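K.L.:
Questions regarding the structure given below will be posed in turn.
Each value in this text was obtained by applying a stated rule to the coordinates, not by laboratory testing. Small disclaimer: the values here were computed from a predicted structure and weren't measured. Here the Cβ is made from the backbone with ideal geometry for all residues, glycine too, and neighbour counts use every protein chain on show.
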Amino acid sequence: MEPLIPQPTSITPGTGTFRLSPEAVIRVNPGSPQSIRIAKALARLLRPATGYDLPVQISGDPAPAGSLVLTIPNQDASLGEEGYELQIEPQLMTLRAYEPHGLFHGIQTIRQLFPPSIEAGNLQAGPWNIDTGLIHDLPHYAWRGVMLDVARHFFKPETVIRLIDLLAAYKFNILHLHLTDDQGWRLMINSWPNLAKIGGSTAIRGDPGGYFTQEEYQAIVEHARACFITVIPEIDLPGHTCAALASYPELNPGGKAPALYTGSEVGFSSLSISEPITQQFLGDVIREVAALTPGPYLHIGGDEAHSTTEQDYRQFIERLQELVLAHGKKPLGWEEIARVELVPEAVVQYWINSEWALKAGLHGNPVVMSPCTKAYMDIKYNEDTPFGQTWTGSYTEIQDAYEWDPSTFLSDLPPEAILGLEAPLWTEEIATPEYLDFMLFPRLCGYAEIGWTPAQKRDWGDYRRRLAGHGDRLTAMGVNYYRSPQISWND
Ligand code: TNX
């Protein structure tokens, strides 16, 4: 069997081989709009390399041998929203789920079970064989996320959409977009257009800026939704706001705007809670961002506000929590927000200081784990990595990124407080889509497994053997990955 990442909950080998037939159909039963859409997505994935038609059918004669059946029999609630069961028999491959989201994960497993050349964009030599067996699979953590910083360097909508496709292939369900920072404001806010027009006009080192129009942003959110990925927008407040302050002089005490910032320092900027216009700004921005967000969360940042007084910081976070709730969303913030009394709905994202994560967790607020020493994808792999950060004091090779557990990383945090993990890619040093790939892959495959596969089923030796088989798969997907010497790559 081809090596799967993330490793499924259980695999029971069968005897014999399934061979995808040139006459194969993809049968959906029952043919709900969601299951038809997912079946069509599977057909689109398999067609270029196989050259087969793979028509999606709702009913008809018995499916020819070598076909696929997708079904939601609605009887195995134990699979939950995201679980699936895949039965591979010589004549037929049958994918069952309780919800469409599980079906969607199942088709990702199907594509990984075919040889890596299935990912090629053009016709490849078959045969398209899969060992028979039964796969029963559901995720360990509900929150399996990746964060992309589009503020320090801007990445175009097509780059984000391609990333969403890659996240879907590895069964992630959250994409957190860090949309604003000192160096750039990347989302058009119609009531404050200069935020994007001026604040989005440049990037670190004076590299090209850019921003998402609301239409472009909605297209990203919709594409993610079709992949069952929730987009979480982050507006980083009250620090990390030089781009906003540079765009509107009236946001600054004294009415003088600072210059646009193209350096890499943090902690020097802050909005002022005592300026009356700041309240209007916060209200407008949160309202427009909430309106663009079908998902339940809105990230308010809250990190490294070193230029905000403690009292102002409290007022900001209290006000932001209220505003986010008033627009029907749950507030999410970096661990520093736990300095302030949190509403029960607030989620805290741990990155470096356990004190605040513990406070939040013990107070009953859920915690998402993004430990900078393990989960930061801007940290260099080793001393030869051409770009990236080293401030955490160590490198993050594939094994470092893989060998940790969100539930035990902070020993005093009750495991039930942990929602899951998120791996951020900060982009001070990352300026091109090619280099983005290099920092993401293959670490991202390991985070996928940490999020999905329970700790007792994870093993570095076994993982590194499976990852070796994903090199040519990533190549076929067009991913420029880091060929770590820790892995004996197959190709
Ligand atoms: C810390 S993590 C930051 C970011 C930087 C990152 C670089 C966090 C909440 N703040 O502003 O981009 O380090 O690794």
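K.L.:
Neighbouring Cβ atoms within 10 Å as the yardstick, rank S191, S484, S247 fewest first.
P.N.:
S191, S484, S247
K.L.:
Roughly what angle does helix 310-326 make with the longest principal axis of the chain, taking Cα atoms, 0 to 90 degrees, to the nearest 10?
P.N.:
50
K.L.:
Run the quick spin-label model on H363 and Q91: label points 7 Å from Cα toward the beta carbon, then report their separation in nm to one decimal.
P.N.:
Simple spin-label model gives 6.1 nm for this pair.
K.L.:
Considering only DSSP beta bridges whose two residues both sit in the chain, what percent are antiparallel, to the nearest 5?
P.N.:
Around 30 percent of the beta bridges assigned by DSSP in the chain are antiparallel ones.
K.L.:
Next up: Which of W128, W391 has the fewest other C-beta atoms within 10 Å, and how do the rest follow up to the most?
P.N.:
W391, W128
K.L.:
In whole Å, what three semi-axes, largest first, describe the equivalent ellipsoid of region 335-386 built from its Cα gyration tensor (square root of 5 times each eigenvalue)?
P.N.:
29, 9, 8
K.L.:
So, one more: Pairs to check: K40/K457; K197/K329; K374/K457. Give those whose C-alpha atoms are more than 30 Å from each other in this structure.
P.N.:
K40/K457
K.L.:
Any idea what angle helix 214-226 forms with the longest principal axis of the chain, computed on alpha-carbon atoms, 0 to 90 degrees, nearest 10?
P.N.:
40
K.L.:
What ranking do 357-367, 283-293 get when scored by the average of other Cβ atoms within 10 Å per residue, highest first?
P.N.:
Packing order, densest peptide first, comes out as 357-367, 283-293.
K.L.:
Show me, for region 411-427, the HN-Hα J-couplings you get by feeding each phi into the Karplus relation (A = 6.51, B = -1.76, C = 1.60, θ = phi - 60°), rounded to Hz, glycine and proline as x.
P.N.:
Taking θ as phi minus 60°, the curve returns 5, 8, 8, x, x, 5, 7, 8, 7, x, 9, 9, 10, x, 10, 7, 10 Hz for region 411-427.
K.L.:
What are the residues whose amide H is under 5 Å from the amide H of L298, where those residues sit 5 or more places off or on another chain and H is modelled from the backbone?
P.N.:
Amide H neighbours of L298, under 5 Å, 5+ apart: K330, L332.
K.L.:
Considering only DSSP beta bridges whose two residues both sit in region 10-137, what percent are antiparallel, to the nearest 5? Kindly include the intermediate steps, with their values, before the conclusion.
P.N.:
Working: 17 of 28 bridges.
Given both bridge residues lie in region 10-137, the antiparallel proportion sits at roughly 60 percent.
K.L.:
For W391, project a label point 7 Å along Cα to C-beta. Then give me every residue of region 180-207 with its amide nitrogen under 19 Å of that point.
P.N.:
From region 180-207, the list is 180-185, 203-207.
K.L.:
Something else about it: Using the count of nearby Cβ atoms within 10 Å as a rough guide to exposure, how do W452, W489 rank from fewest to most?
P.N.:
W489, W452
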